[in-house]
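Novice: The structure that follows is given in the form of structure tokens.
The values are calculated or read from the model by the stated rules, or taken from the named source; none is laboratory data. As the structure is a computational prediction, the values presented were derived from the model and not from experiment. Reconstructed Cβ throughout: ideal geometry from the backbone, glycine too, with neighbour counts over all protein chains shown. Each accessible area value is taken on the protein alone, full model and side chains, heavy atoms only, with ligands, DNA and RNA left out. Shrake-Rupley method; radii C 1.70, N 1.55, O 1.52, S 1.80 Å.
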Amino acid sequence: MNAVPSLSEFAAAQQSLAGVISHTPTELSRGLSEILGSPVLLKMENLQRTGSFKIRGASYRLAQLTPEERSRGVVAASAGNHAQGVALAAQSLGIPATIFMPLGVPVPKLLATRGYGAEVVLEGETVSTSLRLAAEFSERTGAVLIPPFNHRDVIIGQGTLGLEIIQDVPDVDTVIMGIGGGGLIAGVAAAIKQSAAEAGRTVRVIGVQSEKAAAVPPSLAAGHPVEITTQPTIADGILVARPGDVPFAIIKDLVDEVVTVSEDDIARAILVLLEHAKIVVEPAGAVGVAAILAGKVKDAGKTVPVLSGGNIDPMLLQRVVSHGLAASGRYATVSIPLPDRPGQLARVSEVLAQVGANVMEVLHTRHGHGLQISQMILRLSIETRGPEHTQLALDSLRAAGFEPDVVPE
């Protein structure tokens, strides 16, 4: 069987999924277009059913099961989007589903997966443990294991997103999206490249990984998937130590470039999408925009970043917004040593008020920090309009005789 699915297979999958998935919108972002210097249209897969693209691959894979396989049920392991995709797809087809999730899974994702009718087993500290338990469950019960990315049917299902991009933006020049295990970008690249070739055009496909979990660049250098040691990242949806064998065979031939972005880049992208596009996107879904903001995409022409998911925990969103403000130079924590006498806090507040800096949080302590008995430390979190305004606030404090130090985030 040919490793790269054909255009007719993607078209058949799109027809099969009609009524199951949503054809998500693609809308122009004027702000990002100004930054990139060419039109940027956002493919808003965060508005997909279950909040991510995963429903595409899961639904198509389950639709290919034989009646006998369906009777045995399905099993999957995930900390979020894949779990919800499999659960809803199984519910739609009347297939019993068991989902293994790690103990620390965000509550909204747990409740959503259960809400789609799946039996959820919470066990283990990591997704790796959940994957092992799911495989053991499959061997023990005969339930069909549904992988998140390393299967041809899953890749075909994900590739229907590429067909939608071509249908909505036929003159697209560049498509950007995150890479975890590789199922999404493999499917989208195959569908888009073949569609463009039929029209006598070429489309550039760029993958984006968190610099904390970038397994694809060394895999491309080696010519085969390699496993790396990952570090924690807010983009947990693409936190994968090794790309899948099946998608990698497509990625190495069809993906034009893979770039990495920092945690600050991702946080800034989420904030920009929230403020300017009024869109809530999870960290893994924002990495394409992060690459644009970080200047990692050049000479792109008409560009479509894929916002692959919107399932972000509200508590994480709160932290990410604060981090994004800091990364944009609009939020800073300042430590100021002061003499321990009345009126010092009022003097500092007056200086900041005069320059229009907004005090968000105050910590006033006489303990620790190697302080003398006559000293104290004032720690302030301030909101400003940007780096220049922050610098004005610091300069004004120094002119008033204070010695502020910016505390690293």
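Novice: Over the chain, what is the percentage of antiparallel beta bridges among all DSSP beta bridges, to the nearest 5?
Specialist: Expressed as a percentage, antiparallel bridges in the chain total about 45.
Novice: Normalising by the residue count of the range 217-263, find the relative contact order in percent from Cα pairs under 8 Å and 6+ residues apart.
Specialist: 37
Novice: Which order do the peptides 379-385, 147-153, 55-61, 344-350 take when ranked by the mean count of other beta-carbon atoms within 10 Å per residue, highest first? Before the final figure, lay out each step's value.
Specialist: Details: 379-385: 18.9, 147-153: 21.7, 55-61: 29.0, 344-350: 14.4.
Packing proxy ranking, top to bottom: 55-61, 147-153, 379-385, 344-350.
Novice: Roughly speaking, what is the stretch gain from GLU361 to LEU28, that is 0.36 nm per residue apart minus the C-alpha to C-alpha distance, in nm to one decimal?
Specialist: Values: separation 333, 0.36 × 333 = 119.88 nm, distance 3.70 nm.
Length difference between fully extended and current span is 116.2 nm.
Novice: Taking the Cα centre of the range 56-159 as origin, sum charge times position over the Cβ atoms of Lys and Arg (+1) and Asp and Glu (-1), and report the length of that vector in debye to the nearest 20.
Specialist: Dipole size: approximately 240 debye.
Novice: Quick one: what Rg and Dmax do you get for the range 267-332 from the alpha carbons, in Å?
Specialist: According to the Cα coordinates of the range 267-332, Rg and Dmax are 11.9, 37 Å.
Novice: Pulled fully out, how much extra length does the chain show between LYS298 and ARG201, if you take 0.36 nm times their separation in residues and subtract their Cα-Cα distance?
Specialist: Full extension of this stretch gives 33.0 nm more.
Novice: Would you mind checking the tilt of helix 127-141 against the longest principal axis of the Cα atoms of the chain, expressed as 0 to 90 degrees and rounded to 10?
Specialist: So the helix axis and the longest Cα principal axis differ by about 30 degrees.
Novice: Follow-up. Quickly rank 105-113, 297-305 as a protection proxy: mean count of other C-beta atoms within 10 Å, highest first.
Specialist: 297-305, 105-113
Novice: Rounded to the nearest 20 debye, what is the charge dipole size of the chain about its Cα centre when +1 sits on each Lys and Arg Cβ and -1 on each Asp and Glu Cβ?
Specialist: Roughly 340 debye, rounded to the nearest 20.
Novice: Just name one of VAL216, VAL75, VAL120: the one whose Cα is farthest towards the positive end of the charge dipole of the chain (beta-carbon charges, Lys/Arg +1, Asp/Glu -1).
Specialist: Comparing the listed Cα positions along the dipole, VAL120 ranks first.
Novice: In a shell of Cβ-Cβ distance under 15 Å around ARG70, excluding ARG70 itself, what net charge do Lys and Arg (+1) and Asp and Glu (-1) give? Could you put the intermediate results ahead of the total?
Specialist: Numbers: positive: ARG61, ARG72; negative: GLU68, GLU69, ASP153.
Spelling it out: positives minus negatives among the neighbours equals -1.
Novice: What are the semi-axes of the equivalent ellipsoid of the range 14-103, taken as the square roots of 5 times the eigenvalues of the Cα gyration tensor, listed largest first and rounded to whole Å?
Specialist: 33, 15, 8
Novice: Positive end of the dipole of the range 14-164, charges at C-beta (+1 Lys, Arg; -1 Asp, Glu), about the Cα centre: which of ILE35, THR98, THR24 has its Cα farthest in that direction?
Specialist: Value computed over the given set: THR24.
Novice: Quick one: compute the contact order of the range 1-59, relative version, from alpha carbon pairs under 8 angstrom and 6+ residues apart, as a percent.
Specialist: Across the range 1-59, relative contact order equals 29 percent.
Novice: Further question: Going by amide H atoms built from the backbone, whose H comes under 5 Å of the H on THR260, apart from near neighbours?
Specialist: Amide H neighbours of THR260: GLN209.
Novice: If you line up the Cα atoms of the range 196-293 on their principal axes, what length do they span on each, largest first, in Å?
Specialist: Over the range 196-293, Cα extents along the principal axes are 41, 39, 18 Å.
Novice: How large a share of the accessible area of the range 50-173, in percent, is made up of carbon and sulfur atoms when the probe is 1.4 Å and the other protein chains stay in place? The partial results should precede the final answer.
Specialist: Values: 2530 of 4660 Å².
Carbon and sulfur together cover 54 percent of it.
Novice: Enumerate the amide H contacts of GLY142 below 5 Å, restricted to partners 5 or more residues apart or on another chain; note that Pro and chain-start residues carry no placed amide H.
Specialist: none
Novice: May I have the count of lysine pairs in the chain with C-alpha atoms under 24 Å apart, counting pairs 8 or more residues apart or located on different chains?
Specialist: Going through the chain pair by pair, I get 27.
Novice: Which one, PRO305, VAL169, VAL144, is farthest towards the positive end of the dipole of the chain when Lys and Arg carry +1 and Asp and Glu -1 on their Cβ?
Specialist: Most positive-ward Cα: VAL144.
Novice: Another question about this same structure. Hey, could you pull the Cα Rg and Dmax for the range 140-250, both in Å?
Specialist: Spelled out, the Cα radius of gyration and Dmax of the range 140-250 are 15.0, 51 Å.
Novice: So, for the range 216-355, what is the accessible surface per residue at a probe of 1.4 Å, expressed in square angstrom?
Specialist: I get 41 Å² per residue for this part.
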